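The values are calculated or read from the model by the stated rules, or taken from the named source; none is laboratory data. Please read all numbers here as calculations on a predicted model, not as lab measurements. Cβ: placed from backbone, ideal geometry, glycine included. Neighbour counts: every protein chain shown. Only protein heavy atoms, including side chains, enter the accessible area calculation; ligands, DNA and RNA are left aside. Shrake-Rupley method; radii C 1.70, N 1.55, O 1.52, S 1.80 Å.
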Amino acid sequence: MSTNAREIGRKDGSFEREPARRVFASELRECRYDFKEGTDEKSPTFVLLPTGERCNRVFIVGTLTEKQRQGDQNIFYRGRVVDPTGTFFIMAGSYQPEAMQQLAKIEAPAFVAVIGKPGLYRKDEASTPMVSVRVESINVVDKDTRDLWVLDTAARTLDRIDIFKTSTEPDVIKAKEVYPSIDPAVFRRAAYDALAQIKM
Amino acid sequence: MDFSETADRISRKFQKSGQTIDPKKIEGKLRRLIEEFGVQPSEAERSVTNDLAKEFNIPQMGSGGGGGKSGGATEPKKIADMSPEEWVTLEGKVVALSTPASPAIAQSGIIADDSGGIRFVAWAKSNAPAMTVDSWYHIESAVVDEFKGVASLKIHSGTTVKECVTDGALVPSTVPVVNLHPGVGSVRAKVIQEWDTTHERMLQSGILGDETGTIKFVIWKEAGKEKLVVGSVYNIFYAMVDEYNGKLSLNLNTATIMQDDGDILVSGGNVAVRGALVHIAPGSGIIKRCPVEGCNRALSRQNYCPVHEIQPKFIYDLRIKGWLDDGEKTHNILLQRDVVESLTGITLDAAKEIAENNPLGMDEVFLQMREKVLGRYVTCHGREIDNRLLVNTCERLTFESGEHAALLNRAGGAS
Ligand SMILES: [Zn+2]
């Protein structure tokens, strides 16, 4: 379905923006497979979620627990954003000065909303890739927004798990192939636990 | 007599079959038939086309050039039935004249019969009599041409034009907006939006819509042209339908426009999108608008209006442009002043105060508004046009414990 929407967008000559997917930390950190669609420089890069959806952008809301300024020549910031299931690693560099300034201003701990691009980073060829989110925008939000995000993300995750069972979409088939040992039931469990932690 | 146009048409036809023929060669053949042998231009075109088709062994070519199988080019043909590259005879009423685009053109405009309308061009070389709006003409041996999908009737030196008397008024019929195609079209539609005009010669541009869809419109400045009123319904007869980048637009300068008392429930009228505000675009916050009556364009930081230049007595306004994302699709949104005020809690007066007294000026308003709304969940109601949601109301989402319980149930259920 998502492939279709993009094709229609291109035919129109209009630019279809990649949506920001809702995914819990415990699922995003399992990503090991990324790919580019199209051959030109500007074609989008995706990570493939274990529940079978391609993901070029994410919207996450959680608690910024730590942030560090790093680098001498090229200053950049790293941070950790925690949701009820785990930790997202975020970063913002001087190539996106506005995002970096936004992150620099925020004092941890704080509830934050992050819009950004997930990517796989490897220390070296042999090591396991780590998933990190390059920040496009970050803003301090309230606890209500965090709770709404948990509802939203749980619903989206359950939707993906339902589709995963029966779908013959290429992305789902690919996910089964590249993540053979992952049972999506663990993400259902994670969604339940996340829901159980809020508004108690 | 000029044969280059006909020669080009024949040449293009062969081009489509992969055969390149020098138009000069074709022109020579036409000239010979018409000038030396007194053959009718339509017959000459058919004959030369057939000849060349035989010469290059292209079988299907022969039938296309003539004036039609049933009775030749002298029998009047309905405008709606005309197809490109055809010689036609018709009876129609000139419903609009437009300023010719080049000195080679004596007259241009729209001619209509009870089946529809078509654009026409009378070449200066045609020596056709000057036609007047609202008169009927019998036009014999004109050629239907097509450029970028728009059919146009060419009146050339081989065409005869005679005024004629036809009883009965021409009652044009309108079509649903979704059925418009490039050429000439009539619609009954409501003005749903007016845009900042981008060109000095432009009187008005915006969006028209009916129950089936929406379309961009433009009116160029011209004596006697008036702006349409947003929210009003009009019967618009014989507008020019153009296509750019696969999108249609209506040029109303040729159209006869009559206001209508009724109302229309325009399609896409009430869309609700629930999602997160994932981007607040530059140009959001407090802006300055041109104070010249009827202009209202957003001014640059230097108070410059693209049409009225420097305007120190600008008017302040609020707006937010951004992206609303539901996880599946990202919607462009535009919030106007009242919606911005209620969503951000910052009134125009408060924003003015900040803009004029804070060292960051207008940027400070942008930053404060972004801080209040970026990353928040909202539900927007509005009208979606051209991938942009024009928001009438925008409310913060609230936590529903019922939804929470249902999701817990769903996640905890058998997997
Ligand atoms: Zn102006």
Residue in region B:333-353 that is within 14 Å of another protein chain (Cβ to nearest Cβ) and under 30 Å from the mean Cα position of the chain (by Cα) present: yes
Failed item, numbered, when B:N387 is tested on (1) open to solvent by 60 Å² or more (accessible area, probe 1.4 Å); (2) facing another protein chain (nearest Cβ under 9 Å); (3) at pLDDT 95 or above: (3)
Among residues of region B:278-287, those that are away from chain A (no Cβ under 14 Å) and either assigned to a loop (DSSP other than H, G, I, E, B) or away from the ligand (no atom under 16 Å from the Cβ) (or both), counted: 3
Unique match (being open to solvent by less than 20 Å² (accessible area, probe 1.4 Å), assigned to a loop (DSSP other than H, G, I, E, B) and away from the ligand (no atom under 16 Å from the Cβ)) among B:I346, B:I333: B:I346
Answer from A:R156, A:R146 - the residue that is in a helix (DSSP H, G or I), more than 9 Å from chain B (Cβ to nearest Cβ) and touching a residue at least 24 places away in the same chain (Cβ under 8 Å): A:R146
Residue match in region B:254-269 (condition: open to solvent by 30 Å² or more (accessible area, probe 1.4 Å), under 27 Å from B:A151 (Cα atoms) and either within 16 Å of the ligand (Cβ to nearest atom) or without any contact (Cβ under 8 Å) to a residue 40 or more places away in the chain (or both)): yes
Residue in region A:182-200 that is farthest from B:S401 (Cα to Cα), counting only those that are without any contact (Cβ under 8 Å) to a residue 12 or more places away in the chain and more than 9 Å from chain B (Cβ to nearest Cβ): A:D183
Failed item, numbered, when B:Y137 is tested on (1) touching an Asp or Glu at 6+ places or on another chain (Cβ under 7 Å); (2) assigned by TED's automatic domain parsing to the domain that holds B:L228; (3) among the hydroxyl-bearing types (S, T, Y): (2)
Residues of region A:77-107 classified as in contact with a helix residue (DSSP H, G or I) (Cβ under 7 Å, 6 or more places away or on another chain) and open to solvent by 50 Å² or more (accessible area, probe 1.4 Å), total: 1
Hits in region A:15-29 (condition: touching a residue at least 60 places away in the same chain (Cβ under 8 Å) and open to solvent by less than 60 Å² (accessible area, probe 1.4 Å)): A:A20, A:R21, A:R22, A:V23, A:F24, A:A25, A:S26, A:E27, A:L28
A:E41 more than 12 Å from chain B (Cβ to nearest Cβ), part of a loop (DSSP other than H, G, I, E, B), of a type in the set (D, E, K, R) and open to solvent by 50 Å² or more (accessible area, probe 1.4 Å): yes
Residue within region B:296-303 that is open to solvent by 10 Å² or more (accessible area, probe 1.4 Å), free of Cβ contacts under 8 Å to residues at least 60 places away in the same chain and aliphatic (A, V, I, L, M) present: yes
Verdict on B:K225 being under 24 Å from B:G322 (Cα atoms), more than 16 Å from the ligand (Cβ to nearest atom) and not assigned by TED's automatic domain parsing to the domain that holds B:F366: no
Residues of region B:274-299 satisfying the condition of being under 28 Å from the mean Cα position of the chain (by Cα) and more than 16 Å from B:H331 (Cα to Cα): B:G283, B:R289, B:C290, B:V292, B:E293, B:G294, B:C295, B:N296, B:R297, B:A298, B:L299
Leading residue by the ranking (farthest from B:K352 (Cα to Cα)) among those in region B:318-330 that are open to solvent by less than 30 Å² (accessible area, probe 1.4 Å) and either in contact with a Gly (Cβ under 9 Å, 6 or more places away or on another chain) or within 16 Å of the ligand (Cβ to nearest atom) (or both): B:G327
In region B:288-330, the residues that are assigned to a strand (DSSP E or B) and among the small types (G, A, S): B:A298, B:G322
Every residue from region A:42-62 that is β-branched (V, I, T) and at pLDDT 95 or above: A:V47, A:T51, A:V58, A:I60, A:V61
Segments classed as helices (runs of 4 or more DSSP H), wholly inside region B:1-96, with at least 2 members that are open to solvent by less than 30 Å² (accessible area, probe 1.4 Å) and at pLDDT below 80: B:41-55
